[in-house]
Amino acid sequence: MTTGELYDFIDAFAPFGSAMDFDNPGLLVGERSTSVQTVLFSLDITPEVITEGKNIGAQLIISHHPVIFNALKQLKTNTAPYLLAKYGIDAICAHTNLDMAPGGVNTVLAQRLQLKNVRTLSEYAPNLPEALMGELQEPLTPLPFAQQVKQQLHCDGLRYTDGKRLVKTVGLCSGGGTDLLYAAAAAGCEGFVTGESKHNLLLDAEQLQLTLIDAGHFETEDIVMEPLMQKVKEAFPKLYCIKSKVMHSPAHYI
């Protein structure tokens, strides 16, 4: 296998060209011609993840978050891009293109939340849903709904607003999608699940009687890495694929 073949495989179901304008996905380190036998999957590419990749003999790391996002003005020896080059490890990063793809991050999040009748809540562009919505298996009041999300996403903790009404229809956007709460409220959702929130948006959610769940950026996105790895393994059974054991949420709760 080559890095280019794996890039093309991902591009077929989550086109890199469909990513949002601000994004920087793609083959960010290395060459298409690199021969690949071992692939490490990780939400982020940190120095610790790269060391893990080196120790298992990985030629490629596939991540969700881009290892290079903004223009590099210097290259320090302890940074991820430098270490990837130093150890000869390629990096493919599928970010917002994977968020919006069928079977991508938002689809997996809807599956984890056990929503039914899943459909588009908001589109970034035609046929590119930036947020989804669906119905709970059984309506819940705000606190049990928050507790259920915590359990389903294996959160150490989360924040939520009390919409003070029964939650039946739920909108969702993985990662930092809190600003889509207005679309969720307009679509008739009583709940909205995302990974980040700001004070003013929490206040707005409360005023809209929307139970907004801030479940954590890591928790709403890391869930895609295992299904993505399994998809690659099924397509390329000779590859040795492994999900990072050192990648973790940097947030701690007390």
Go through (1) within 11 Å of ILE89 (Cα to Cα); (2) touching a strand residue (DSSP E or B) at 6+ places or on another chain (Cβ under 8 Å); (3) outside any loop (DSSP other than H, G, I, E, B); (4) open to solvent by 20 Å² or more (accessible area, probe 1.4 Å) one by one and return the number of the condition ILE50 breaks. (4)
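In the set GLY26, GLY103, GLY88, which member is buried (at least 19 other Cβ atoms within 10 Å of the Cβ) and within 26 Å of PRO237 (Cβ to Cβ)? Talk me through it step by step, then tell me what you get.
Working: GLY103 fails: buried (at least 19 other Cβ atoms within 10 Å of the Cβ); GLY88 fails: buried (at least 19 other Cβ atoms within 10 Å of the Cβ).
Being buried (at least 19 other Cβ atoms within 10 Å of the Cβ) and within 26 Å of PRO237 (Cβ to Cβ) holds for just one of GLY26, GLY103, GLY88, which is GLY26.
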Need pairs with beta-carbon distance below 8 Å; first residue part of a helix (DSSP H, G or I) and within the stretch 199-225, second among the acidic types (Asp, Glu); sequence gap 6+ or separate chains. LEU201/ASP179; LEU202/ASP214; GLU206/ASP162; HIS217/GLU196
Can you tell me which residue among GLU226, GLU221 is open to solvent by less than 70 Å² (accessible area, probe 1.4 Å), closer than 30 Å to GLU5 by Cβ and of a type in the set (D, E, K, R)? GLU221
Kindly provide the set of residues from the stretch 132-171 that are open to solvent by less than 40 Å² (accessible area, probe 1.4 Å), out of contact with any strand residue (DSSP E or B) (no Cβ under 8 Å at 6 or more places or on another chain) and more than 22 Å from THR120 (Cβ to Cβ), ordered by number. CYS155, GLY157
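Determine whether LEU203 is touching a Phe, Trp or Tyr at 6+ places or on another chain (Cβ under 9 Å) and over 30 Å from ASP8 (Cα atoms).
On the way: touching a Phe, Trp or Tyr at 6+ places or on another chain (Cβ under 9 Å): no; over 30 Å from ASP8 (Cα atoms): yes.
No.
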Considering only helices (runs of 4 or more DSSP H) fully contained in the stretch 58-112, which possess at least 2 residues that are under 17 Å from PHE22 (Cα atoms)? 96-100
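The values are calculated or read from the model by the stated rules, or taken from the named source; none is laboratory data. Nothing here was measured: the structure is a model prediction, and the numbers come from that model. Backbone-built Cβ (ideal geometry, glycine too); neighbour counts: all protein chains shown. Each accessible area value is taken on the protein alone, full model and side chains, heavy atoms only, with ligands, DNA and RNA left out. Shrake-Rupley method; radii C 1.70, N 1.55, O 1.52, S 1.80 Å.
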